[in-house]
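First up is the structure itself, then whatever we jot down about it.
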Amino acid sequence: MINEDFIAQHWTEISERIHQRWLRFRASDLDGLRENIEKLVDRIQNVYGCARAQAELEFHEFRKSLRPRLQPSVARLDARTLY
């Protein structure tokens, strides 16, 4: 799971990826998301006028797309503990 520290450390990249995925978002649409990324569901729903279920699906897909960044550090840790 992506935690608040990860979001704070990588906010510039995350906000750029949000802009790339949801082109209708303005900078003001991202206000408050750094502190609570869960609000992204509400923003997707409001800006795109979609159903809550669709907004949640989009959010979860986006959140999963952030996970690969964590994998290399986990792999290095596993390799070190094996030897």
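Could you list, in sequence order, all residues of the stretch 36-83 that are exposed (fewer than 13 other Cβ atoms within 10 Å of the Cβ), among the hydroxyl-bearing types (S, T, Y) and modelled with pLDDT of 85 or more?
Scanning the stretch 36-83 gives a single hit, S65.
From (1) modelled with pLDDT under 95; (2) in a helix (DSSP H, G or I), pick out the condition that doesn't hold for L33.
(2)
Is it the case, given these coordinates, that L23 is more than 16 Å from F6 (Cβ to Cβ) and either under 17 Å from the mean Cα position of the chain (by Cα) or at pLDDT 90 or above (or both)? Explain how you work it out, then say what you get.
Values: more than 16 Å from F6 (Cβ to Cβ): yes; either under 17 Å from the mean Cα position of the chain (by Cα) or at pLDDT 90 or above (or both): yes.
Criteria met by L23.
For residues in the stretch 1-30 being without any contact (Cβ under 8 Å) to a residue 40 or more places away in the chain and not in a helix (DSSP H, G or I), which is surrounded by the most Cβ atoms within 10 Å (Cβ to Cβ)?
F25
The values are calculated or read from the model by the stated rules, or taken from the named source; none is laboratory data. Being a predicted model, the structure only gives us computed values, none of them experimental. So basically every Cβ, Gly included, is an ideal-geometry build from the backbone, and we count neighbours across all protein chains shown.
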